[in-house]
Amino acid sequence: MLSISRPSLWLTLGHNCRLAGICGVPSRQHHGTFPENPYHCLYPGHIPTNPIQKALLAVGSGVAALQNPYRHDMVAVLGETTGHLALMKLRDRMKNDPEGYTILTERPRIRLSTLDLAHMATLPDGSFGREYLRFLEENRVTPDSRADVKFVDNEELAYVMQRYREVHDLLHTLLGMPTNMLGEVAVKWFEAAQTGLPMCIMGAALGPLRLSSSRLQTLATSLGPWALRSGRRARCVLSIFYERRWDQSLEDLRKELDIEPPPLIISATNKKPAANSEPAS
């Protein structure tokens, strides 16, 4: 099987990045002005790439992600190098939504440094903030694990990708899905229908190959149709200022977004999924 090491993915970038300048320090021409370079650094951490380099990165990261879907760095690169058209559509949806427009203007970030976990811990069970904190604790994840965007050659679209990346765990909370393989695939089916990002479509199509026969049946007969249906009809999930919704009940937020409650309760462990006693709306 083809194996692509991480260093080889960055090999073609070095020369271009040194010429174009990285992290807000563009290279200069001899007369001291910035060069007219369409691939100059657009935001901190940006790595400018041309179409050929993007194609190489997309292929390499796609192969690496197929070999190991938990290589989040490779999944991130794949999303950034293949998602331009989908990101433009998501940005336009955000601009046409008052709350989404506010997010694009204020550029909030979801990090441990911006979250008041102590306050979330005091919220009642069933509130969005308390359930999000419970998700982080039970699945042993942190919002700081989301890498910064590097390869999107548009500053505004880079933020849209960053926002998508940072609300991913919030979608797990909204959908009631853990971070095991079945839960991740169900979330990817929702995201594929909601965002149209090629990375999500690829994950939704290939993720089921890693499921056991019983879990594949659960996905095909219950979780999959629910996730696709909810993803297609839900309000744009990037247009919600979640940081101002912690006190809101999870049930009310789902109704507002037009997301059905999950048909099954999936444990963070490998226990058999249990039927949800709450009827879907």
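The values are calculated or read from the model by the stated rules, or taken from the named source; none is laboratory data. Here the structure is a predicted model, which means the values were calculated and not measured. Cβ sites come from the backbone with ideal geometry, for glycine too, and all protein chains shown count toward neighbours. We work out accessible area using only protein heavy atoms, side chains counted, and drop any ligands, DNA or RNA first. Shrake-Rupley method; radii C 1.70, N 1.55, O 1.52, S 1.80 Å.
What to note about this one:
- Scanning the range 182-208 for residues that are free of Cβ contacts under 8 Å to residues at least 60 places away in the same chain and either outside any helix (DSSP H, G or I) or among the basic types (Lys, Arg) (or both) yields one hit, 188.
- If the condition is being open to solvent by 10 Å² or more (accessible area, probe 1.4 Å) and within 18 Å of residue 262 (Cα to Cα), then the range 218-246 contributes 218, 220, 221, 222, 225, 228, 229, 232, 233, 235.
- Filtered residues of the range 108-120 (kept if open to solvent by less than 30 Å² (accessible area, probe 1.4 Å) and among the hydrophobic types (A, V, I, L, M, F, W, C)): 110, 115, 120
- Restricting attention to the range 49-84 and to residues that are within 16 Å of the chain's Cα centre (by Cα) and free of Cβ contacts under 8 Å to residues at least 12 places away in the same chain, the residue that is most open to solvent (accessible area, probe 1.4 Å) turns out to be 70.
- Total residues in the range 121-167 satisfying the condition of being surrounded by 15 or more Cβ atoms within 10 Å (Cβ to Cβ) and of a type in the set (S, T, N, Q): the figure is 4.
- Out of 216, 238, 253, 228, one residue alone is touching a residue at least 40 places away in the same chain (Cβ under 8 Å), farther than 25 Å from residue 140 by Cβ, outside any loop (DSSP other than H, G, I, E, B) and touching a helix residue (DSSP H, G or I) at 6+ places or on another chain (Cβ under 8 Å). It is 238.
- Verdict on residue 179 being of a type outside the set (A, V, I, L, M) and in a helix (DSSP H, G or I): no
- Set side by side, the residues 254, 215, 210 differ, and just one is farther than 25 Å from residue 162 by Cα, of a type in the set (D, E, K, R) and open to solvent by less than 40 Å² (accessible area, probe 1.4 Å), which is 215.
- Tally of residues being open to solvent by less than 80 Å² (accessible area, probe 1.4 Å) and either touching a His at 6+ places or on another chain (Cβ under 6 Å) or of a type outside the set (Val, Ile, Thr) (or both) across the range 85-102: 10
- For residue 105: the one exception among (1) over 16 Å from the mean Cα position of the chain (by Cα); (2) buried (at least 20 other Cβ atoms within 10 Å of the Cβ): (2)
- Matching option when the condition is at pLDDT below 95, under 23 Å from residue 183 (Cα atoms) and among the aromatic types (Phe, Trp, Tyr), among 70, 132: 70
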